[in-house]
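Remarks on the structure that follows.
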Amino acid sequence: MKLSKGWFIIGSIAIFLVIFFSITYSKDNTETPKPELKFRKDGTFKIVQFADSQDGPDIDIRTINLMNKILDFEKPDLVLLTGDNVDDSSKSSKEVKKSIDNIAEPMERRRIPWAVIFGNHDDEHGKMSKEEMMNIYTSYPNNISQSGFTTSDRVGNYNILIKASETNIPVFNIYMLDSGKYDYKTKEYEWINYKQIDWYKHTTEAIQQKYNRTIPALMFFHIPIPEFKIVWENGQAVGFKNEEISSPKFNSGLFEALVDTKDVKGIFVGHDHLNDFVGELNGIKLGYSRSIGYGTYGDDSFSRGARVFFIKESDPSKFETWMRLASDFHN
Ligand SMILES: [Zn+2]
């Protein structure tokens, strides 16, 4: 009796320990890894850029319907939301979460990796900071955003490496930057600041050293830089300019840094809903995506849409890009 009671206690302790450690262990491993980005087996990679969905907890359903149609038609490998993803209409943090849930759903349902940057309107509701919103975005299983390099007012400066189809070597890169907002004191748009430009230079240098070569890249942020005006005035740009180019007056030198470093082949923004032109300056393409959002300003005769990028592993420095519009779909 005594012996079996002793064994019973030891046995119970052993079982308890096994359960305890297996729970602890499995807890550490329940966090599913984020999706890895690779070129497809056929050596191609497709990106969809959704600009300025700019809506709140009761989103205009036409925005979601168009996102769904474009994703089903283009079947991208990555989706980028380039700022002014939500507007100022949320009255509580719960409503901010709802606003983000709305625009997350089309990608999450299809398990398409997606990433975001902030625009000038994203935190104007004042109910959540950019850091708090970034935590919501990154909580979705397929969202690969990062707070990355942050300064006091810029959150979400990071890069995304895309690996070759057959190896684990990255062959393409994407830079995401927070271009700030409207400064109500000076009545001017803010610019990409020197800390961000510094971060970009260091990141590029580190990548170059690690992989022993320059990896071609695209760069995305929300507010166009002053060079967008030069590109339009040169008269070579293709696409529409139906409103003013709302870039900051101050040129902080980002473009010069990119020309110098030579890895970024294209800069793409949103912000001006009715512009979608693409031009080229010093070997770098500068372009817009017109807006996807129906709940914000627009023009009913100017179809909403998204910009698409098609990259080939065999020559990733060159990329094709086009707009996919609501008017392309017949229902
Ligand atoms: Zn904007």
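Conditions: (1) under 28 Å from residue 173 (Cβ atoms); (2) within 16 Å of the ligand (Cβ to nearest atom); (3) of a type outside the set (Lys, Arg); (4) assigned to a helix (DSSP H, G or I). Residue 99 meets all but one. Number of the miss?
(1)
Which of the numbered conditions does residue 282 fail, given that it passes all the others? Conditions: (1) touching a strand residue (DSSP E or B) at 6+ places or on another chain (Cβ under 9 Å); (2) within 23 Å of residue 215 (Cβ to Cβ).
The number of the failed condition is (1).
Looking at residue 60, is it surrounded by 19 or more Cβ atoms within 10 Å (Cβ to Cβ), closer than 28 Å to residue 90 by Cβ and acidic (Asp, Glu)?
Numbers: surrounded by 19 or more Cβ atoms within 10 Å (Cβ to Cβ): no; closer than 28 Å to residue 90 by Cβ: yes; acidic (Asp, Glu): yes.
When the stated conditions are applied, residue 60 does not pass them.
List every residue pair whose Cβ atoms sit under 6 Å apart, with the two residues 6 or more apart in sequence or on different chains, where the first one lies in segment 56-75 and is of a type in the set (D, E, K, R) and the second, anywhere, is exposed (fewer than 14 other Cβ atoms within 10 Å of the Cβ).
Here the result reads none, with nothing in segment 56-75 linked to a residue that is exposed (fewer than 14 other Cβ atoms within 10 Å of the Cβ).
Let me spell it out: the conditions are (1) within 16 Å of the ligand (Cβ to nearest atom); (2) surrounded by fewer than 22 Cβ atoms within 10 Å (Cβ to Cβ), and residue 129 meets all of them except one. Which number is the exception?
(1)
From the list 215, 169, which one is buried (at least 19 other Cβ atoms within 10 Å of the Cβ) and among the hydrophobic types (A, V, I, L, M, F, W, C)?
On the way: 169 fails: buried (at least 19 other Cβ atoms within 10 Å of the Cβ).
So the residue among 215, 169 that is buried (at least 19 other Cβ atoms within 10 Å of the Cβ) and among the hydrophobic types (A, V, I, L, M, F, W, C) is 215.
In segment 21-52, how many are charged (D, E, K, R), within 20 Å of residue 81 (Cα to Cα) and modelled with pLDDT of 95 or more? Walk me through it before giving the result.
Start the filter on segment 21-52 by keeping residues that are charged (D, E, K, R), which leaves 27-28, 31, 34, 36, 38, 40-42, 46, 52.
With the extra rule that they be within 20 Å of residue 81 (Cα to Cα), the set shrinks to 34, 36, 38, 46, 52.
From what is left, the residues that are modelled with pLDDT of 95 or more are 38, 46, 52.
Of the residues in that region, 3 qualify.
Considering only segment 254-264, how many residues are of a type in the set (D, E, K, R) and not in a helix (DSSP H, G or I)?
The initial filter retains those residues of segment 254-264 that are of a type in the set (D, E, K, R), namely 256, 260, 262-263.
Narrowing the set further to residues that are not in a helix (DSSP H, G or I) leaves 262-263.
The number of residues fulfilling the criteria is 2.
Search segment 70-86 for residues being within 12 Å of residue 107 (Cβ to Cβ) and assigned to a strand (DSSP E or B), and hand back the single one that is farthest from the ligand (Cβ to nearest atom).
In this case the residue turns out to be 78.
Under 7 Å by Cβ, and 6 or more places apart or on different chains, what pairs join a residue from segment 178-203 that is assigned to a helix (DSSP H, G or I) with one that is surrounded by 20 or more Cβ atoms within 10 Å (Cβ to Cβ)?
These pairs meet every condition: 196/154; 196/157; 196/177; 197/254; 199/149; 199/157; 200/175; 203/159.
Only one of (1) within 14 Å of the ligand (Cβ to nearest atom); (2) surrounded by fewer than 16 Cβ atoms within 10 Å (Cβ to Cβ); (3) in contact (Cβ under 8 Å) with a residue 60 or more places away in the chain is not met by residue 221, so which one is it?
(2)
Can you pull out every residue in segment 132-163 that is closer than 27 Å to residue 187 by Cβ and surrounded by 17 or more Cβ atoms within 10 Å (Cβ to Cβ)? Working first, answer last.
From segment 132-163, those closer than 27 Å to residue 187 by Cβ are 133, 150-157; that's our starting set.
If the condition is that a residue be closer than 27 Å to residue 187 by Cβ and surrounded by 17 or more Cβ atoms within 10 Å (Cβ to Cβ), then 133, 150, 154, 155, 156, 157 are the ones that fit.
For residue 89, state whether it is over 19 Å from the mean Cα position of the chain (by Cα) and within 16 Å of the ligand (Cβ to nearest atom).
In short, yes.
For segment 154-167, state whether one or more residues are over 13 Å from residue 81 (Cβ atoms), touching a residue at least 60 places away in the same chain (Cβ under 8 Å), away from the ligand (no atom under 16 Å from the Cβ) and of a type in the set (S, T, N, Q).
Yes, segment 154-167 contains a residue that is over 13 Å from residue 81 (Cβ atoms), touching a residue at least 60 places away in the same chain (Cβ under 8 Å), away from the ligand (no atom under 16 Å from the Cβ) and of a type in the set (S, T, N, Q).
For segment 87-108, does any single residue satisfy the condition of being modelled with pLDDT of 95 or more, buried (at least 22 other Cβ atoms within 10 Å of the Cβ) and out of contact with any helix residue (DSSP H, G or I) (no Cβ under 9 Å at 6 or more places or on another chain)?
yes
Restricting attention to segment 114-126, and to residues there that are buried (at least 17 other Cβ atoms within 10 Å of the Cβ) and not hydrophobic (A, V, I, L, M, F, W, C), which single residue is nearest to the chain's Cα centre (by Cα)?
Pass one, segment 114-126, residues buried (at least 17 other Cβ atoms within 10 Å of the Cβ): 114-123, 125.
Pick out the ones that are also not hydrophobic (A, V, I, L, M, F, W, C) and you get 119-123, 125.
Details: 119: 11, 120: 15, 121: 16, 122: 13, 123: 16, 125: 21 Å.
Among those residues, the one meeting the criterion is 119.
Residue under question is residue 119, and the condition is that it be within 16 Å of the ligand (Cβ to nearest atom), over 26 Å from residue 313 (Cα atoms) and touching a residue at least 60 places away in the same chain (Cβ under 8 Å); does it hold? Can you show your working first?
On the way: within 16 Å of the ligand (Cβ to nearest atom): yes; over 26 Å from residue 313 (Cα atoms): yes; touching a residue at least 60 places away in the same chain (Cβ under 8 Å): yes.
When the stated conditions are applied, residue 119 passes them.
Here is a check on your reading of the model: is residue 267 under 20 Å from residue 191 (Cβ atoms) and in a loop (DSSP other than H, G, I, E, B)?
Numbers: under 20 Å from residue 191 (Cβ atoms): yes; in a loop (DSSP other than H, G, I, E, B): no.
Considered against the rule, which asks whether it is under 20 Å from residue 191 (Cβ atoms) and in a loop (DSSP other than H, G, I, E, B), residue 267 comes out as no.
Looking only at segment 206-239, which residues are more than 23 Å from the chain's Cα centre (by Cα) and either assigned to a loop (DSSP other than H, G, I, E, B) or closer than 21 Å to residue 178 by Cα (or both)? Can you show your working first?
Initial filter on segment 206-239 (more than 23 Å from the chain's Cα centre (by Cα)): 209-213, 229-238.
Those that are more than 23 Å from the chain's Cα centre (by Cα) and either assigned to a loop (DSSP other than H, G, I, E, B) or closer than 21 Å to residue 178 by Cα (or both): 212, 213, 229, 234, 235, 236, 237.
The values are calculated or read from the model by the stated rules, or taken from the named source; none is laboratory data. This is a predicted model, so every value here is computed, not measured. Because the Cβ atoms are built from the backbone with ideal geometry, glycine has one as well, and the counts that use them run over all protein chains shown.
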